[in-house]
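To start, the structure itself, in structure tokens.
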Amino acid sequence: RNVIDDQVRLICEDPNLGVLKSGDLAEVRVHKFGFLGRLYLLAYEVNEDAKLIYTYAIGGHENFYRDLKEYLKS
């Protein structure tokens, strides 16, 4: 949990840290980071007008984007 908190802090300091996606995931950024030899992805969206960052998902790469798309559609 502390590792995730650290990554969210990094995103708060630099909201453009993650890669901006396109298509179905337009406006969503994904920040990749390693922990215990595994790659994790953290999906978020920045609302600059309200100065908010919405976190949507965190997990391994397998099915990450498919599950994220399903979540955002619901």
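General observations
- The residues of the range 54-74 that are open to solvent by less than 60 Å² (accessible area, probe 1.4 Å) and among the small types (G, A, S), listed by number, are A57, G59, G60.
- Residues of the range 1-57 that turn out to be over 19 Å from D67 (Cβ atoms), small (G, A, S) and not in a strand (DSSP E or B), as a count: 2
- Residue check, R29 surrounded by fewer than 15 Cβ atoms within 10 Å (Cβ to Cβ) and basic (K, R): no
- If you filter the range 43-53 down to residues that are touching a Lys or Arg at 6+ places or on another chain (Cβ under 8 Å) and in contact (Cβ under 8 Å) with a residue 24 or more places away in the chain, you find that the one that is most open to solvent (accessible area, probe 1.4 Å) is V46.
- Matching residues, the range 52-74, being within 15 Å of H31 (Cα to Cα) and among the small types (G, A, S): A57, G59, G60
- Count of the range 1-29 residues which are hydrophobic (A, V, I, L, M, F, W, C) and under 12 Å from V46 (Cβ atoms): 5
- Selected residue (criterion: farthest from I4 (Cα to Cα)) from residues of the range 58-74 that are among the hydrophobic types (A, V, I, L, M, F, W, C) and part of a helix (DSSP H, G or I): L72
The values are calculated or read from the model by the stated rules, or taken from the named source; none is laboratory data. Worth saying up front: this structure is predicted, and the values here are computed from it rather than measured. Neighbour counts are summed over all protein chains in view; Cβ atoms, including those assigned to glycine, are modelled from backbone coordinates with ideal geometry. Keep in mind that these areas ignore ligands, DNA and RNA; they rest on the heavy atoms of the full protein, side chains included. Shrake-Rupley method; radii C 1.70, N 1.55, O 1.52, S 1.80 Å.
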